[in-house]
1. Sort region 17-89 into rounded, prolate or oblate with this rule: let a ≥ b ≥ c be the square roots of the eigenvalues of the Cα gyration tensor; rounded if a/c is under 1.5, and if a/c is not under 1.5, prolate when a/b is larger than b/c, oblate otherwise.
2. Using mean Cβ contacts within 10 Å as the protection proxy, how do 144-150, 255-261 order, highest first?
3. Where both partners of a DSSP beta bridge lie in the chain, what percent of those bridges are antiparallel, to the nearest 5?
4. With n ≥ 4 as the cut-off for DSSP H runs, can you work out [θ] at 222 nm for the chain, using -39500 (n - 2.57) per run divided by the number of residues, rounded to the nearest 500?
5. For a label point 7 Å from the Cα of Asp184 along Cα→C-beta, name the residues of region 89-117 whose backbone N is under 20 Å from it.
6. I'd like the distance between the alpha-carbon centres of region 1-74 and region 103-172, rounded to an integer number of Å.
7. For region 104-181, report the translational diffusion coefficient in µm²/s to the nearest whole number, using Stokes-Einstein at 10 °C, 1.306 mPa s, and a Kirkwood Rh over Cα pairs.
8. Kindly point out which whole DSSP H helices in the chain project their C-alpha atoms 18 angstrom or further along the helix axis while averaging a Kyte-Doolittle hydropathy of -0.5 or above.
Amino acid sequence: MRRLFDDWESVLARAADSHFVLLLDFDGTLAPIAPTPDDAALPRETRSLLERLAENPRCTLAVVSGRGIEDLRGKVGIPGIVYVGNHGLEADGTEALPSYEPPRLARELLTWMHRELAARLAEVPGVFFEDKNASLAVHYRLVAPRDAARVETDVRRAVEALDVGGFLEIAAGKMVLDLRPRLDWNKGTAVAHLVRAEERLRAGAVFPIYVGDDATDEDAFRALEGRGIAVLVGEPRKSHATHYVKDTEEVARMLRALAERCGEPLNR
Ligand SMILES: [Mg+2]
């Protein structure tokens, strides 16, 4: 894994005059991680760079998040961007992706899990739940460090005990566990579909760039293997990413460099 800015010129050389497909996670990538999901916000410069890139005909932009789609659209709110929510289950602004409508069984199971977990974790201060329609998030960023392991164990045990049909799976992120239907559909599948649709539209001349900071982004990094680049936000670690940047400020720096590149005349 290479530091992105040490390899930038060769990345641009590989991209040549390809159309950029920019696939960006939200929390911890575009917006700094905040104590609660409600507190997270796009930095002003990042917002104006995204607006600039969204208008550029040489770029397709997608924000790919674990957030529910309405929540995500509310946080970003820029026209001309593809929104992918619930780790790929929901999409807006593209015909390449369907939106999953959970069947009644899934909905009832999630509501039941919500009630059970709320009771089991009632005495752990700082745990809160977020019903995202297609999934249920258990957030524990605000929990005392000594209780964090207990939350993880309790959630895993509850799912094992109550979900006898094995209908749900747990997607683990930074201090959040997402209970979702087991569908073999994740950020990676969504990204693969989006990139393929762009390739069809542009006769293959497409250079995808995925940027993300969390465990659930690994599916998307893997989906891009052999094409474009996959950029991890954070310290380099064992990952399917090809490159890394340090933090959300360096993501903004990358967006600035791309906006400059896409503003240059084509070499053709
Ligand atoms: Mg993230």
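1. Verdict is prolate for region 17-89.
2. Ranking, from highest mean packing down: 255-261, 144-150.
3. Within the chain, antiparallel bridges account for around 40 percent of the total.
4. Value at 222 nm, helices only: -11500 deg cm²/dmol.
5. Output list for this probe position: 89-90, 97-103, 106.
6. 29 Å
7. Diffusion coefficient, whole number: 128 µm²/s.
8. 104-120, 187-201, 248-263
Coordinate-derived values only; no laboratory data. On a predicted model such as this, the values are computed, not experimentally measured, just so you know. No Cβ is skipped: glycine too gets one built from the backbone with ideal geometry, and neighbour counts run over all protein chains shown.
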